[in-house]
1. Quick check for me: using +1 on Lys/Arg Cβ and -1 on Asp/Glu Cβ, what's the dipole size of the stretch 131-198 about its Cα centre, in debye to the nearest 20?
2. Could you work out how far helix 2-24 tilts from the main Cα principal axis of the chain, as a 0 to 90 degree angle to the nearest 10?
3. With r defined as the distance between the Cβ atoms of W53 and V244 and R0 fixed at 25 Å, what FRET efficiency is calculated, to the nearest 0.05?
4. Show me 38-47, 205-214, 8-17, 135-144 ranked by packing, highest mean number of other Cβ atoms within 10 Å first.
5. Within the stretch 45-179, what whole-number % of the accessible surface is contributed by carbon and sulfur, with the 1.4 Å probe and all protein chains included in the calculation?
6. On a 0 to 90 degree scale, rounded to 10, what angle separates helix 215-225 from the longest Cα axis of the chain?
7. Enter the accessible area per residue of the chain (Å², integer; probe 1.4 Å; all protein chains in place).
8. By how many degrees, 0 to 90 and rounded to 10, does the Cα axis of helix 141-151 deviate from the longest principal axis of the chain?
Amino acid sequence: MTVYIFLLFGAFIMLIPFVWMLSSSLKNEKDVFAFPIQWIPTVAQWSNYKVIWEKVPLLTGFVNSIKITVIVTVLQILTSTFAAYSFAKLKFKGRDIIFMIYILTISVPWQVYMVPQFIMMSKLKLTDSHIGLIMMHTFTATGVFLIRQFYMGIPNELLEASRIDGLSEYGIYAKIMLPLSKPAIATLCITTFTFEWNDFMGPLVYLSTNNKKTIQLILRMFNTQYSSNYALIMAAAVISLIPVMVLFIFLQRYFVEGIASTGVKG
């Protein structure tokens, strides 16, 4: 019981900023920082949610973010599951060494190779383009590690029986590995989608044209132009959270299984 009380208290503390953001988005600007805090506005200013679409190109940012995030998420799932299957279930020379070197790249911060990466992308003429951002984020060592650890729990006997039945490696991957790994894939989907949707530094460095900017850069533009009106800023922030919340609601059951699972359930 003590553990549950502690967890509920922790959840309550973490939710306070989100509740304040939602409350502030429905207030007049002069009431946002009023003390004591009025958590439920006397008169909800729903017009804030209409005004924000007129002040900055918020819709453009949404479309760009959805485009980049969805494409990157799908590509990362494909590349991570393919690579994880090779590292977990196929035998080839240097497999473990290659996997270890690949996983070690997780420990290298992006800031270390940011400049040479930008130079390379500039020479390829992929700066200020969505394709450049998508290409840079297509592969993820974290995703490969996550999916591989899940694949390791799938019995090799199941794969051998499938090979005897005539399934190719691609057939095993598509008809056995992918269906069994839904929890791990859901976990990767949520983490990738959340990271890409909230990514600020990447688009900031590579995108300069306004009609190509993502929602995070549009929010920054909003904050710069309307720095005194925190009610509108909070309304825009609430809108930007909706896609991530919707995705998590739909995939939360698989997400919990993916975190907790250590093998295949019988």
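The values are calculated or read from the model by the stated rules, or taken from the named source; none is laboratory data. Remember, predicted model here, so these are calculated numbers, not experimental data. Don't worry about glycine lacking a Cβ; one is built from the backbone with ideal geometry, like all the others, and counts go over all protein chains shown. These area figures cover heavy atoms from the full protein model, side chains too; ligands, DNA and RNA do not enter into them. Shrake-Rupley method; radii C 1.70, N 1.55, O 1.52, S 1.80 Å.
1. Values: 4 positive and 5 negative charges, 24 e Å.
Here the stretch 131-198 has a charge dipole of around 120 debye.
2. 50 degrees
3. Details: r = 19 Å, r/R0 = 0.78.
The computed FRET efficiency comes out at 0.80.
4. On the way: 38-47: 11.3, 205-214: 16.9, 8-17: 9.6, 135-144: 18.7.
Descending mean neighbour count gives 135-144, 205-214, 38-47, 8-17.
5. Details: 5510 of 7880 Å².
So the carbon and sulfur contribution to the accessible surface is 70 percent.
6. 20 degrees
7. Details: 15930 Å² over 266 residues.
About 60 Å² of surface per residue is accessible.
8. So the helix axis and the longest Cα principal axis differ by about 50 degrees.
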